[in-house]
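Visitor: What follows is a single structure, and I will ask about it in a moment.
Just so it is clear, none of the values below were taken in a lab; they were calculated from the coordinates. For clarity, every value in this text was computed on a predicted model and none was experimentally measured. In this analysis, Cβ positions are derived from the backbone assuming ideal geometry, glycine residues included, and neighbour counts consider all displayed protein chains.
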Amino acid sequence: MKDKVSAKIVESWLKGWCLSRETSFPVSYKSGFHVVVGDEKQKERFVFPELNDDFFQLANSITEPWIYLKASVPPDQITDQIPERWKLQPQGYMMTCFHPMEFPDTSLAEGYHLEFSEYNTTFVITIVAENGEQASIGRISLIDDVAVYDRIITEKSHQRKGLARFLLKELEKIALSKGFYKNILVATEEGKLLYETLGWKLYCLHTSIVIPSED
């Protein structure tokens, strides 16, 4: 894990996230970035590569629910210094892979096929079961000099079949064909374990807080 987090890497990841989610690009906000997301349960997000007064001033001034504050630090650096209305979210892990991923020999499980689509500079691969069910899906958005992987999901009934690995390999093929060799994503706890087996490294923690609504 890096001692000092690069604002450029965080910004590139955030731009890719915005491309994937089809929302407007981040704008600078003091030492961090601001995105108007517009979802019911994520109205806005403020993302800070480092923790400082800019973060805590927002935490003290915001009372509206569903505005996320995010910082590239361990959660214990945040939780003791914020009002009680803020709730810590499940831990995220920003990860990078600046070399080809390390795949064992892998093929698509029998009874599945791939479907491809794209929008802006985002490429989507869906793995579909014989009955037409979506089994797995993932996206990469190509921005600056990185491929940002986002929303990599395998449905529970289709897990343990190597679908996510195969999906990631196919997404990487697209990135490499476009000349993008640097990969970045934010993983969940479960996803982190998979990515580590493929050669990804933890870049920094990605800690989030939000005020949930009372209803």
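Visitor: Looking only at the chain, where both bridge partners belong to it, what percent of the DSSP beta bridges are antiparallel (to the nearest 5)?
Guide: 85 percent
Visitor: I would also like to ask the following. 5 Å is the cut-off here: which amide hydrogens, built 1.01 Å from N in the peptide plane, fall below it relative to V37, excluding neighbours closer than 5 in sequence?
Guide: E44, R45
Visitor: Points 7 angstrom from Cα along the Cβ direction at Q91 and E189: gap in nanometres?
Guide: In this crude label model, Q91 to E189 measures out at 0.8 nm.
Visitor: Could you list which residues have their amide H under 5 Å from that of F103, counting only those 5 or more apart in sequence or on another chain, with H placed in the peptide plane?
Guide: Here nothing satisfies the definition.
Visitor: Moving on. For region 61-140 and region 141-165, what is the separation of their C-alpha centers, rounded to whole Å?
Guide: 7 Å
Visitor: Let me ask you something else. Using 25 Å as the Cα-Cα cut-off, could you pick out the over-long pairs in K15/K173; K4/K182; K87/K169?
Guide: Too far apart for the 25 Å limit: K87/K169.
Visitor: Right, something else. Which ordering of R160, R45 is given by a fewest-first count of other beta-carbon atoms within 10 Å?
Guide: By the 10 Å Cβ count, ascending, the order reads R160, R45.
Visitor: Considering the chain as a Gaussian network with a 10 Å cut-off on Cα pairs, which listed residue, P100, P65, P90, attains the greatest mean-square fluctuation?
Guide: P90
Visitor: Sticking with this one: As a footprinting exposure proxy, order S24, S72 by other Cβ within 10 Å, with the fewest listed first.
Guide: Ordered by Cβ neighbours within 10 Å, fewest first: S24, S72.
Visitor: Specify which labelled value, from (i) 31, 19, 16; (ii) 27, 19, 16; (iii) 23, 20, 17, agrees with semi-axes √(5λ) of the Cα gyration tensor in Å derived from the coordinates of the model shown.
Guide: After the calculation, the listed value that fits is (i).
Visitor: Going by how many other Cβ atoms sit within 10 Å of their own, how do I62, I125, I209 line up, fewest first?
Guide: Neighbour counts put them in this order, fewest first: I62, I209, I125.
Visitor: With +1 on the Cβ of every Lys and Arg and -1 on the Cβ of every Asp and Glu, and nothing else charged, how large is the dipole of the chain about its Cα centre, in debye rounded to the nearest 20?
Guide: Using Cβ point charges on Lys, Arg, Asp and Glu, the chain gives about 420 debye.
Visitor: So, one more: Which value in nm describes the separation of the simple spin-label points at L176 and E40, placed 7 Å from the Cα toward the beta carbon?
Guide: 4.2 nm
Visitor: While we're looking at this one, here's another question. Starting from 0.36 nm per residue, how many nanometres of slack lie between E22 and V128 once their C-alpha separation is accounted for?
Guide: Between E22 and V128, full extension yields 35.8 nm more.
Visitor: Additional query: Spelling out what I want: for every residue of region 182-187, take phi, set θ = phi - 60°, compute 6.51 cos²θ - 1.76 cosθ + 1.60 (Karplus), and round to whole Hz; glycine and proline get x.
Guide: Here the 3J(HN,Hα) series is 9, 10, 8, 7, 10, 9 Hz.
Visitor: Grab the Cα-Cα distance for E214 and S6, subtract it from 0.36 nm times how many residues apart they are, and report the gain in nm with one decimal.
Guide: 71.3 nm is the gain from fully extending E214 to S6.
Visitor: Which residues in region 10-37 place their backbone N less than 16 Å from a point set 7 Å from the Cα of Y119 along the Cα-to-Cβ direction?
Guide: 16-25, 37
Visitor: Stretch I153-Y29 to full length: gain in nm at 0.36 nm per residue minus the Cα-Cα span?
Guide: This chain segment gains 41.5 nm when fully extended.
Visitor: Hey, if you drop one equal point scatterer on each alpha-carbon of region 97-203 and run the Debye formula without solvent, what base-10 log of I(q)/I(0) do you get at q = 0.11 Å⁻¹?
Guide: Scattering profile of region 97-203, log10 relative to I(0): -0.31.
Visitor: If amide hydrogens are placed 1.01 Å from N in the peptide plane, which non-local residues have theirs closer than 5 Å to the one on V73?
Guide: Those qualifying (amide H under 5 Å, at least 5 residues apart or on another chain) are T207.
Visitor: Could you tell me which helices of the chain pass both thresholds, a Cα extent of 15 Å or more along their own axis and a mean Kyte-Doolittle hydropathy of at least -1.0, with helices taken as whole DSSP H runs?
Guide: 7-21, 163-177
Visitor: Normalised by the number of residues in the chain, what is the relative contact order in percent for Cα pairs under 8 Å and 6+ residues apart?
Guide: Relative contact order comes out at 28 percent.
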